[in-house]
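Asks: Mind looking over this structure? Questions follow.
The values are calculated or read from the model by the stated rules, or taken from the named source; none is laboratory data. Keep in mind that this is a model prediction, so the values were computed, not measured. As a convention, Cβ positions derive from the backbone with ideal geometry for all residues, glycine included, and neighbour counts pool all protein chains shown. We work out accessible area using only protein heavy atoms, side chains counted, and drop any ligands, DNA or RNA first. Shrake-Rupley method; radii C 1.70, N 1.55, O 1.52, S 1.80 Å.
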Amino acid sequence: MLVVMKNDATEEQIKAISDVIRNMGYTPEPVPGVQRQAICVLGNKSRVDSSHIEVMDGVKEVIHVTKPFKLVSRESKEKSIITVGNNKFGSITLPVIAGPCAVEDRVKFLEIADAVKHEGATMLRGGAFKPRTSPYAFQGLGEEGLKILAEARGKTGLPVCTEVMDTDTLAMVSEYADVVQIGARNMHNFSLLRKVGRQKKPILLKRGLSATINELLMAAEYILSEGNWNVILCERGIRTFEEQTRNTLDLSAIPIIHELSHLPIIVDPSHACGRWDSVPPLARAAVATGADGLLIEVHMNPLEALSDGPQSLKPEKFSQLMKDIKNIAASIGRKI
Ligand code: PEP
Ligand code: MN
């Protein structure tokens with residue numbers, strides 16, 4: 001349930017309502033917003049009797065949230081814009097996060113960072129802790145990789161996004177990162193979701209390999225329920241019976257999530273298809289479908305990449321992609 005307050009509601013009135021909600025055995029959670037003050041009621045298993053709250057001073061209306069996810073629902077908030085440096089996820093201007101799958105080496109990373117910035121990327125990416133199918137594959141440079149990311153941020157002025165794999169390394173990762181990525185394999189790691197909800201850095205939450213849209217939104221609900229409302233969702237393909245591509249990009253998730261949630265949703269076509277030649281057409285389709293941003297893997301020499309080379313674009317292909325999506329964005333009233 002959501003208690004929407006009048007524009008001129010006072011702090012005392014909000015406190016009085018929060019006290020009543022607590023006395024009923026539920027948890028009041030203030031919903032951040034500039035235009036509207038609201039309190040979300042958490043912890044109820046069935047419809048809450050709101051009759052005495054509706055008549056309290058300062059209350060504009062009471063909305064019964066019908067979805068299992070409450071804080072992420074559009075019923076609780078109209079729209080969220082997540083700001084990271086000059087990036088505004090959920091605004092008319094689409095951020096583009098680009099860089100290699102993993103930070104492999106200082107000189108190589110600084111070179112890619114420069115190249116993608118030159119082509120118009122607005123945020124850098126690169127994993128320092130890599131979730132690999134094989135324990136014998138390159139696992140990332142760890143803290144050394146985080147330091148390289150920080151150096152690249154200093155040199156380019158672009159914020160950096162990098163993955164956290166477990167609760168043990170969260171404090172370290174969030175110290176260096178501007179956006180902390182929760183990878184597809186960790187979307188169901190509820191203790192990690194709760195922990196990233198308790199720290200302040202914005203979260204890029206990727207959809208699990210076989211997660212439904214509802215499960216993705218419930219994973220985001222874990223993060224918001226701990227107090228961190230800066231969550232960016234990411235559609236990165238789901239596992240289907242198709243074998244030509246690594247995953248199947250579910251573009252229908254974009255309009256559906258926009259209808260169900262106030263959170264922005266970006267698209268990662270690189271992990272979705274797993275092959276570089278399909279990345280540009282899928283990126284164009286994502287922008288046309290209304291994605292709030294893109295995440296693209298770029299490598300100077302994909303044949304030598306230590307992870308995800310086959311899906312990585314060379315800078316010149318990335319450059320062409322940036323030009324193409326500018327036109328598509330303009331045709332639907334958005335900007336790159
Ligand atoms: C990545 O971004 O490099 C990554 C491992 O992504 P995902 O979790 O979507 O597989
Ligand atoms: Mn990757």
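Asks: Please give the Cα centre distance for the stretch 293-336 versus the stretch 115-183, rounded to the nearest Å.
Replies: 18
Asks: Under 15 Å from the Cβ of Thr83, count the other residues' Cβ atoms, weight Lys and Arg +1, Asp and Glu -1, and hand me the total.
Replies: That sum, taken over residues with Cβ under 15 Å, equals +2.
Asks: Additional query: Around Leu42, which amide H atoms from residues at least 5 apart in sequence, or from another chain, sit under 5 Å from its own amide H, with H modelled in the peptide plane?
Replies: Thr27, Glu29
Asks: Let me ask another. May I ask for the angle, rounded to the nearest 10°, between helix 279-289 and the longest principal axis of the chain, with both axes built from Cα atoms and the value confined to 0 to 90°?
Replies: Helix 279-289 and the main axis of the chain meet at about 20 degrees.
Asks: Longest segment of the chain with no GluC sites (Glu not before Pro) in a DSSP loop having at most 16 other Cβ atoms within 10 Å?
Replies: My reading of the result: 79-225 is the longest stretch.
Asks: To the nearest 10 degrees, how steeply does helix 213-225 sit against the main Cα axis of the chain, on a 0 to 90 scale?
Replies: Between the helix axis and the principal axis of the chain, the angle is about 70 degrees.
Asks: Loop only per DSSP, at most 10 neighbouring Cβ atoms within 10 Å: give me the chymotrypsin sites (Phe, Trp or Tyr not before Pro) in the stretch 136-211, ordered by residue number.
Replies: Passing both the DSSP loop test and the Cβ count: Tyr136.
Asks: Under a Cβ-only charge scheme (Lys and Arg +1, Asp and Glu -1), can you give me the dipole magnitude of the stretch 193-336 about the Cα centre, in debye to the nearest 20?
Replies: Roughly 480 debye, rounded to the nearest 20.
Asks: With a point put 7 Å past each Cα toward its Cβ, work out how far Lys335 is from Ile256 in nm, to one decimal.
Replies: Roughly 3.3 nm, to one decimal.
Asks: Counting only heavy atoms of the protein chains, get the accessible area per residue of the stretch 82-331 (1.4 Å probe) and round it to a whole Å² value.
Replies: 39
Asks: Which residues in the stretch 80-98 place their backbone N less than 20 Å from a point set 7 Å from the Cα of Lys67 along the Cα-to-Cβ direction?
Replies: 80-83, 89-92
Asks: So, one more: Please report the relative contact order for the chain, taking Cα pairs under 8 Å with a sequence separation of at least 6, and give it as a percent rounded to a whole number.
Replies: 16
Asks: Moving on. If you place +1 on the Cβ of every Lys and Arg, -1 on the Cβ of every Asp and Glu, and leave all else neutral, what size is the dipole of the chain about its Cα centre, to the nearest 20 Debye?
Replies: Values: 41 positive and 40 negative charges, 55 e Å.
The dipole magnitude comes to about 260 debye.
Asks: Oh, and also: Given that compact globular proteins tend to follow 2.2 N^0.38 Å, what is the ratio of the alpha-carbon Rg of the chain to that value?
Replies: 1.04
Asks: Accessible area per residue for the stretch 2-63 in Å², computed with a 1.4 Å probe and the full protein assembly in place, what is it? Display every interim value, and only then the final one.
Replies: Numbers: 3820 Å² over 62 residues.
Heavy-atom SASA per residue in the stretch 2-63 reads 62 Å².
Asks: Need the full-extension length gain, Ala16 to Glu243, defined as separation in residues times 0.36 nm minus the C-alpha distance. One decimal, nm.
Replies: Difference between extended and current length: 76.0 nm.
Asks: Out of the trypsin sites (Lys or Arg not before Pro) in the stretch 176-231, which ones are loop residues according to DSSP with at most 11 other C-beta atoms within 10 Å?
Replies: Qualifying residues, ordered by number: Arg198, Lys200.
Asks: Working out 0.36 nm times the residue gap between Arg194 and Leu209, then minus their Cα-Cα distance, what length gain in nm do you get to one decimal? The partial results should precede the final answer.
Replies: On the way: separation 15, 0.36 × 15 = 5.40 nm, distance 2.00 nm.
Full-extension gain reported as 3.4 nm.
Asks: Using a 1.4 angstrom probe on heavy atoms only, work out the carbon and sulfur share of the accessible area of the chain in %.
Replies: After summing per-atom areas, the C and S share lands at 51 percent.
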